[in-house]
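What follows is calculated from the coordinates using simple rules that are stated; it is not laboratory data. What you see is a predicted model, and the numbers here were worked out from it, not measured in a lab. Neighbour counts run over all protein chains shown; Cβ positions are idealised from the backbone, glycine included.
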């Protein structure tokens, strides 16, 4: 059974010490994480720097949007080929405007989907947490498959100066 | 910018969530009054739809009047959000932090309001579906994409969708904060909306990278929207004063001028109403006024160019139109008021730091700008149509009717009503941005001077 514990700190330095201690105690990357109420500089806690593929999402969305827009602007005009103002049925300049907007729209929607996906959201069972994290406390959370390691983790957190340890 | 206050996160939460966790005394009476105005507006709109456009002052040859002027005005105001949020985020301007959410919100609500005007202006709004939606598969009749009247809704709906999503993504950390501070149904609502936000490094990284990426994507949309709105006019070759080649950049810079001014108005109100003196400080008004001086002067250059090109062409109808705009009653009074309020009064005042850091003066001058910018749109749209031209067999002097004025007032009440309603449930200043500012700022000693310094990551 998976269990987890959360060590709470008020300052970033002891939280970073706890993260270092967990690495030194042999805990695998990905089994422990740091929770904060505000963004800190990347690597401030010596944490594992997450990799992401967010930049692929807008490109993918833009390709879909562009394809749909080419279809919409050309097929609809050819389906009812009424000349207006002496302009060609397929007026490239006018088509480009619609194509531009649809490409950008799909790019934005895909980016938002990407941000949510890469943030690993939605997560309706977020696990152990403490509301003081959004009041400036820093949480170091460790997840275990093997309960025998709980004591080791608690020892690391206590040594680093955790003000409180919560279990779930 | 040498003002800095040490604020702990508990205090930041308490102050910036005071609109959500408590109900300010003024909130309910204000929202009730606005609600009544909104209701009156809705009844008037419904009556107009029922009776027809005969209840307005619109008549041949002036078919585009107060409604279209107000539509362009609100689209202009909507440019505040992306200008402030995206450009300042991309340039990592530190003073953006308390401004971004309100600016993004203004974008969303002003666009929602702007969209109402072309709909009701069409007289029979339900027929709009034939006009803009490519749905009539059975008969094979589709919208004419060669018309700017199709390009316009496409651009605005893109901007509205993008801005709303942008607003929501940036709201996620604060929704997590609200979830942590509430109980009962409110807690359930924020839990769902926060999507399980915890604040781990992956989520914060996505906020940072995603915010920059969305900003970069929204900027080209922002430029395109008011360009396309300008083409509603510029592509119509028949009306003097409309078919100008510089309309697109002229409209965009005018929109930024009015939009950023609207943000200043809103910032002053937020500081006064919610007592956010620690977060919205004179230095923010100072920075916004400096930005406005540049934008307003750029806009003035375009106004000058527009007049110069019109007169240099020596096209007799165009010159007659300019003469009418500037020298004939009542247009001349409107023209003088427009010029005074949009530039000649506020901008010289903003050259003085005492004015830029005086919040009451900034509030009133920003309102002046928007009076002027509304008049600018009116003077672009109406005189060109109202001028007596050969082969027009009928004309009426355009005088907006009480119905039009009521709907005009409704639009302001509606935007304010939506903003206040939003403020009851969501923070108007991004908390995580305010806190991040504290994390990344420290005082350094240079000689004997203590100077606040911003720390920034290299990449």
Matching residues, the range B:95-130, being touching a residue at least 12 places away in the same chain (Cβ under 8 Å) and not in a helix (DSSP H, G or I): B:97, B:98, B:99, B:123, B:124
Matching entry among B:87, B:68 (being away from chain A (no Cβ under 14 Å), in a helix (DSSP H, G or I) and within 30 Å of residue B:434 (Cβ to Cβ)): B:87
Take the residues in the range B:178-198 that are within 8 Å of chain A (Cβ to nearest Cβ) and over 31 Å from the mean Cα position of the chain (by Cα); name whichever of them is surrounded by the fewest Cβ atoms within 10 Å (Cβ to Cβ). B:181
Tally of residues being more than 17 Å from residue A:30 (Cα to Cα) and either surrounded by fewer than 18 Cβ atoms within 10 Å (Cβ to Cβ) or in contact with a strand residue (DSSP E or B) (Cβ under 7 Å, 6 or more places away or on another chain) (or both) across the range A:132-148: 5
Would you check if there is a residue in the range B:334-344 being free of Cβ contacts under 8 Å to residues at least 24 places away in the same chain, closer than 23 Å to residue B:251 by Cβ and out of contact with any helix residue (DSSP H, G or I) (no Cβ under 6 Å at 6 or more places or on another chain)? yes
Residues to consider are A:142, A:165, A:128, A:109; find the one that is at the interface with another protein chain (Cβ under 10 Å from one of its Cβ atoms) and touching a helix residue (DSSP H, G or I) at 6+ places or on another chain (Cβ under 8 Å). A:109
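On the given criteria, is residue B:130 over 19 Å from the mean Cα position of the chain (by Cα), more than 30 Å from residue B:18 (Cα to Cα) and at the interface with chain A (Cβ under 8 Å from one of its Cβ atoms)?
no
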Name the residue, out of B:143, B:153, B:173, that is within 14 Å of chain A (Cβ to nearest Cβ) and either without any contact (Cβ under 8 Å) to a residue 12 or more places away in the chain or part of a loop (DSSP other than H, G, I, E, B) (or both). B:143
Which one of the conditions (1) facing chain B (nearest Cβ under 7 Å); (2) farther than 30 Å from residue B:208 by Cα; (3) part of a helix (DSSP H, G or I); (4) touching a helix residue (DSSP H, G or I) at 6+ places or on another chain (Cβ under 9 Å) does residue A:76 fail to meet, given that it meets all the rest? (4)
Of the residues A:58, A:39, A:12, which is under 24 Å from residue A:125 (Cα atoms) and at the interface with chain B (Cβ under 9 Å from one of its Cβ atoms)? A:39
Within the range B:371-401, residues being under 25 Å from the mean Cα position of the chain (by Cα) and without any contact (Cβ under 8 Å) to a residue 40 or more places away in the chain number 2
All but one of (1) in a helix (DSSP H, G or I); (2) more than 7 Å from chain A (Cβ to nearest Cβ); (3) surrounded by fewer than 19 Cβ atoms within 10 Å (Cβ to Cβ) hold for residue B:161; state the number of the condition that does not hold. (2)
Among the residues in the range B:199-210, are any without any contact (Cβ under 8 Å) to a residue 40 or more places away in the chain, surrounded by 22 or more Cβ atoms within 10 Å (Cβ to Cβ), in contact with a helix residue (DSSP H, G or I) (Cβ under 8 Å, 6 or more places away or on another chain) and not in a helix (DSSP H, G or I)? yes
Given (1) free of Cβ contacts under 8 Å to residues at least 12 places away in the same chain; (2) surrounded by fewer than 18 Cβ atoms within 10 Å (Cβ to Cβ); (3) within 25 Å of residue B:440 (Cα to Cα), index of the condition residue A:46 fails: (1)
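This table checks each residue for (1) touching a residue at least 40 places away in the same chain (Cβ under 8 Å); (2) under 30 Å from residue B:222 (Cβ atoms); (3) crowded, with 23+ Cβ neighbours inside 10 Å.
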{"position": "B:41", "(1), (2), (3)": "yes, yes, no"}
{"position": "B:50", "(1), (2), (3)": "no, no, no"}
{"position": "B:54", "(1), (2), (3)": "no, no, no"}
{"position": "B:60", "(1), (2), (3)": "yes, no, no"}
{"position": "B:63", "(1), (2), (3)": "yes, yes, no"}
{"position": "B:66", "(1), (2), (3)": "yes, yes, yes"}
{"position": "B:70", "(1), (2), (3)": "yes, yes, yes"}
{"position": "B:73", "(1), (2), (3)": "yes, yes, yes"}
{"position": "B:76", "(1), (2), (3)": "yes, yes, yes"}
Kindly check whether there is at least one residue in the range B:57-64 that is in a helix (DSSP H, G or I) and in contact with a helix residue (DSSP H, G or I) (Cβ under 8 Å, 6 or more places away or on another chain). no
Here is a list: A:104, A:99, A:82, A:95. Which entry is out of contact with any strand residue (DSSP E or B) (no Cβ under 8 Å at 6 or more places or on another chain) and not in a helix (DSSP H, G or I)? A:82
